[in-house]
1. Going by what's in this entry, would ARG60 be described as part of a strand (DSSP E or B) and either surrounded by fewer than 16 Cβ atoms within 10 Å (Cβ to Cβ) or not aromatic (Phe, Trp, Tyr) (or both)?
2. Quick one: count up the residues across segment 34-46 that are of a type outside the set (D, E, K, R), out of contact with any helix residue (DSSP H, G or I) (no Cβ under 7 Å at 6 or more places or on another chain) and surrounded by 18 or more Cβ atoms within 10 Å (Cβ to Cβ).
3. Please count how many residues of segment 12-55 are more than 16 Å from ASP84 (Cβ to Cβ), touching a residue at least 40 places away in the same chain (Cβ under 8 Å) and of a type in the set (D, E, K, R).
4. Can you tell me which of (1) in contact (Cβ under 8 Å) with a residue 40 or more places away in the chain; (2) in a helix (DSSP H, G or I); (3) farther than 14 Å from LEU85 by Cβ; (4) not polar (S, T, N, Q) is the one TYR6 doesn't meet?
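Nothing in this text is a laboratory measurement; each read-out follows from the coordinates by a stated rule. All figures in this text were calculated on a predicted structure; none of them were measured in a lab. Cβ atoms come from the backbone with ideal geometry, glycine included; neighbour counts cover every protein chain shown.
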Amino acid sequence: MIMALYAVDLQGEYFPMREQGRWKLYGFDTELIVEADTPEEAELMAVRMVHMDPVWGNIRPRPGFPTPRIYPEGVYECEEEPTDLPEYELFRMRK
């Protein structure tokens, strides 16, 4: 099977980040371009890319905070170049 390029839209929720000495919750939206055999494999690869991104290297579930989660929002074939490093559009969240 020939691999295809897929754009995968992801949304992350409840990612704790330090801001001015305090933990704050953030969510994010991102689109990643990956090369995969199937749309399902593309989703898994995109989620794995976020997990491996050094930006989130210190992210761990915190007592009293919701568990961080990543949701695939959509996947479609495209012709763009694969993503090297994800870019995130952050938004504040509440518990």
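1. Taking the combined requirement at face value, the residue does not satisfy it.
2. The total comes to 2.
3. Number satisfying all stated conditions: 3.
4. (2)
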